[in-house]
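Data first, discussion second: the structure below is written as structure tokens.
The values are calculated or read from the model by the stated rules, or taken from the named source; none is laboratory data. None of these values were measured; they are calculated from a predicted model. Reconstructed Cβ throughout: ideal geometry from the backbone, glycine too, with neighbour counts over all protein chains shown. Please note that ligands, DNA and RNA were not included when accessible areas were found on the heavy atoms of the full protein model with its side chains. Shrake-Rupley method; radii C 1.70, N 1.55, O 1.52, S 1.80 Å.
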Amino acid sequence: TFAFEAIYFASAIVPGVLGSWITIPHPEVVEILSMNDFDWFLFDMEHAPITVEILENLLRAKSEKITSIVRVPKNDLVYIKQALDIGSCGVMVPMVNDVKEASMAVSYSKYPPIGIRGTGARRASGYYIKQDEYLKNANAETTVIVQIETAQAVNNFESIISKDGVDGWFIGPNDLAASLGHLGDPSSPVVMEAMDRMLKIGKKVGKPGGTLAFNVKQAKALIKKGFTIMAVSSDDFLIYKAANDLLKSFIY
């Protein structure tokens, strides 16, 4: 095991079952949550105020036993390269709608001859001290998760996840609900049917899938169905829920 988490990859290419969203741009939040037995953290650069500089400090605060995945702002070579170069074990790429976009995500995440990622993994290679080993293993050990969030992606789902180099898929329930005509209602039967259909295809193709659960009951039900990359909470909600439960305990 080396000093930097990007060299110390998880035993499996895809994170374990239970993860948390990281949205608060302060390393102490990550450090505190790392004292629990989460399998993975998703560092959200798409919707949270997390810059590359902040991200590097958040990654430093994370326990090595927890796999790090960064949701980049968009399917972009520079964003993906920066997230990997500073030490993330992998990326989640939002709004992947077809196999062409899935191919782009893989290409941006992998070194030649598979992809076009540039060689400059500064922190990820131990500030180049372990560069030879990092370059040798990075393509095989960098996780690429595509996010399914639109009706178009549902229609192209099998071709998207069948792309070589795509390690897993993750349904964004809120955006998917909006795209399917049910804005603000991710529990709509239409959304649930689409998710079940994709899960069946995912099992056939052999690519693990996940989504975001809104409560423990729902998370357990989704895991029972076969989702394996399960986001069960977020840092901001955990803080709110703990405070709310505490105050409610004083109401007789």
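Among the residues of region 54-74, those identified as open to solvent by 20 Å² or more (accessible area, probe 1.4 Å) and not hydrophobic (A, V, I, L, M, F, W, C) are Glu56, Asn57, Arg60, Ser63, Glu64, Lys65, Pro73, Lys74.
Sub-9 Å Cβ pairs linking a first residue in region 201-218 that is under 18 Å from Asp164 (Cβ atoms) and in contact (Cβ under 8 Å) with a residue 60 or more places away in the chain to a second residue that is surrounded by 20 or more Cβ atoms within 10 Å (Cβ to Cβ) and of a type in the set (Asp, Glu), at least 6 apart or interchain, are Pro208/Asp167, ordered by first then second residue.
Looking only at residues of region 220-252 that are buried (at least 20 other Cβ atoms within 10 Å of the Cβ) and free of Cβ contacts under 8 Å to residues at least 60 places away in the same chain, we find that the one that is farthest from Ser187 (Cα to Cα) is Phe227. Reported count of residues in region 78-127, each being aromatic (Phe, Trp, Tyr) and farther than 23 Å from Thr51 by Cα, is 1. Residue count for region 164-178 satisfying the condition of being open to solvent by 10 Å² or more (accessible area, probe 1.4 Å) and either aromatic (Phe, Trp, Tyr) or over 13 Å from Leu212 (Cβ atoms) (or both): 4. If you take the residues in region 139-155 that are outside any loop (DSSP other than H, G, I, E, B) and of a type in the set (S, T, N, Q), which one is farthest from Asn97 (Cα to Cα)? Here the residue is Asn139.
Here are Glu31, Glu53: which of them is without any contact (Cβ under 8 Å) to a residue 24 or more places away in the chain and more than 17 Å from Ala105 (Cβ to Cβ)? It would help to see each step written out before you state the result.
Details: Glu31 fails: without any contact (Cβ under 8 Å) to a residue 24 or more places away in the chain.
Matching residue, one of Glu31, Glu53: Glu53.
Just to be sure, is Lys224 basic (Lys, Arg), within 26 Å of Ser34 (Cβ to Cβ) and in a helix (DSSP H, G or I)? Step through it out loud before you land on a result.
On the way: basic (Lys, Arg): yes; within 26 Å of Ser34 (Cβ to Cβ): no; in a helix (DSSP H, G or I): yes.
Judged against the criteria, Lys224 is not a match.
Mind listing whichever residues of region 181-213 are part of a loop (DSSP other than H, G, I, E, B), more than 19 Å from Met230 (Cβ to Cβ) and open to solvent by 50 Å² or more (accessible area, probe 1.4 Å)? Even if it seems obvious, please write down each step before you answer.
The initial filter retains those residues of region 181-213 that are part of a loop (DSSP other than H, G, I, E, B), namely 181-188, 206-208, 213.
This time we only want the ones that are more than 19 Å from Met230 (Cβ to Cβ), so: 181-185, 188.
Gly181, His182, Leu183, Gly184, Asp185, listed by residue number.
Just to be sure I understand, how many residues within region 125-138 are open to solvent by 20 Å² or more (accessible area, probe 1.4 Å) and in a loop (DSSP other than H, G, I, E, B)? Counting residues in region 125-138 that are open to solvent by 20 Å² or more (accessible area, probe 1.4 Å) and in a loop (DSSP other than H, G, I, E, B) gives 4.
Would you say Gly168 is out of contact with any Asp or Glu (no Cβ under 9 Å at 6 or more places or on another chain), of a type in the set (Gly, Ala, Ser) and farther than 16 Å from Thr150 by Cα?
On the way: out of contact with any Asp or Glu (no Cβ under 9 Å at 6 or more places or on another chain): yes; of a type in the set (Gly, Ala, Ser): yes; farther than 16 Å from Thr150 by Cα: yes.
Yes: the conditions hold for Gly168.
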